[in-house]
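Report on the structure given below.
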Amino acid sequence: MSNKSYGCLIALLLLGLIVSLGLNVGQFLGKLDLDVGADTSFSAARPKRHLHESTVESPKQSSHDKIVHIDLEGVISSMAVSGLFAEAMPSVESIKNSLEQAVADTNVKAIVLRVNSPGGEVTASDIIYNAVKKAAKVKPVVVYMDSMAASGGYYVACGATKIVASETTLTASIGVIIETMNYSELFGKVGLSMTAFTSGAFKDSLSGARPMREDEKAYVQNLVMQMYDRFLGIVSEARGVPKEQLKSTVADGRVVTGREALAAKLVDQIGYVEDAYALARTLGKAADAGVVKYRHEVSFFDVFGAASAKAGAPPAKVELDLSSGLLPKLLPGVPYYLPPSFAH
């Protein structure tokens, strides 16, 4: 091939790259939510987090009706996740965004929220519960409990219209736990001590550097019981079971199977995720509806932004801690809706 031909080929490739880049820029700018000030200057800009769909089950007879499947997987946390893979992580904001988009879509007739979680932080669980309950006021929300929907996972489920559990699901664990570690005796053995200057008697109540006083234990226990009473009230209201009955049966922190949960009126039926889809179609009056999942598409600008953020930064140190297995580490002093076995 002549030099002239090579030159034409390179020119065509460069032209194609420029056109592709231009299209990406146009698509990116089209997704920006621009806040224009009175002086016509741009005071803020952020991409709209519109989630794309992938088909799980095709609709029948060319129906436009949809059932949206949303996953809540892992320990529920209020921890903010940022960066390239932020939308891939099941965070409070991602679940809320998914529910809001499903409610706003007129073709969505019902929502199936698959919960596979041992629970998590009290406030994070409460926020998602509220989002589920809010969505259920507009459209039917069916929670499908997978392997585990315990404690905070069950708390979230109480916001739904109906709950489906598998025979082998582990659920309930209705309770609250706050942990702290006391190392005051170890300090004595190694000749260390800690001095704290506080503005009040309870400011360092969970300090591990000294034994807890009895009034401090009563104070923390009171906090736990207040949160437990709220949990109990939400379950009682959602399931139509008196609080005293719950206290004397399944609301003592125990984990139960799906079949036991059905007998205790904690769930509505036993089944698999396909049964949850069928129930959602019935409640949504959309027998021919397909099932879709939401996904976040990573754009060129996500990759470019992530690369730019790392530019000039020192190489990251990657560490893998195998000592604690796959169980979550509880933060001292933070209240959790978790089974006791997940707290160690």
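Summary table below
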quantity: Set ASP65, ASP105, ASP126: member being within 12 Å of the chain's Cα centre (by Cα), of a type outside the set (A, V, I, L, M) and at pLDDT 95 or above; calculated: ASP126
quantity: ALA286 modelled with pLDDT of 95 or more and either within 26 Å of SER236 (Cβ to Cβ) or open to solvent by 20 Å² or more (accessible area, probe 1.4 Å) (or both); calculated: no
quantity: Residue in the stretch 256-273 that is at pLDDT below 65, closer than 30 Å to ALA135 by Cβ, in contact with a strand residue (DSSP E or B) (Cβ under 8 Å, 6 or more places away or on another chain) and of a type outside the set (Gly, Ala, Ser) present; calculated: no
quantity: Some residue of the stretch 127-142 being of a type in the set (Ser, Thr, Tyr), under 24 Å from LEU72 (Cα atoms) and in a helix (DSSP H, G or I); calculated: yes
quantity: Enumeration of residues in the stretch 132-159 that are closer than 19 Å to TYR336 by Cα and not β-branched (Val, Ile, Thr); calculated: MET148, ALA149, ALA150, SER151, GLY152, GLY153, TYR154, TYR155, ALA157, CYS158, GLY159
quantity: From LEU279, LEU327, residue being open to solvent by less than 90 Å² (accessible area, probe 1.4 Å), over 22 Å from HIS50 (Cα atoms), in contact with a Pro (Cβ under 9 Å, 6 or more places away or on another chain) and at pLDDT below 55; calculated: LEU327
quantity: Any hit, the stretch 233-252, residues being free of Cβ contacts under 8 Å to residues at least 60 places away in the same chain, touching a helix residue (DSSP H, G or I) at 6+ places or on another chain (Cβ under 9 Å) and under 18 Å from VAL142 (Cβ atoms); calculated: no
quantity: Scope the stretch 160-181; condition surrounded by 23 or more Cβ atoms within 10 Å (Cβ to Cβ) and of a type in the set (Gly, Ala, Ser); matching residues; calculated: ALA160, ALA165, ALA172, SER173
quantity: Out of SER184, SER205, sole residue that is over 28 Å from GLY152 (Cα atoms) and either surrounded by 15 or more Cβ atoms within 10 Å (Cβ to Cβ) or modelled with pLDDT under 85 (or both); calculated: SER184
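The values are calculated or read from the model by the stated rules, or taken from the named source; none is laboratory data. No experiment lies behind these values; they were computed from the predicted model shown. Ideal geometry is used to build each Cβ from the backbone, glycine not excepted, and the neighbour counts take in all protein chains shown. In case anyone asks, the SASA skips ligands and DNA or RNA and just uses the protein heavy atoms, side chains included. Shrake-Rupley method; radii C 1.70, N 1.55, O 1.52, S 1.80 Å.
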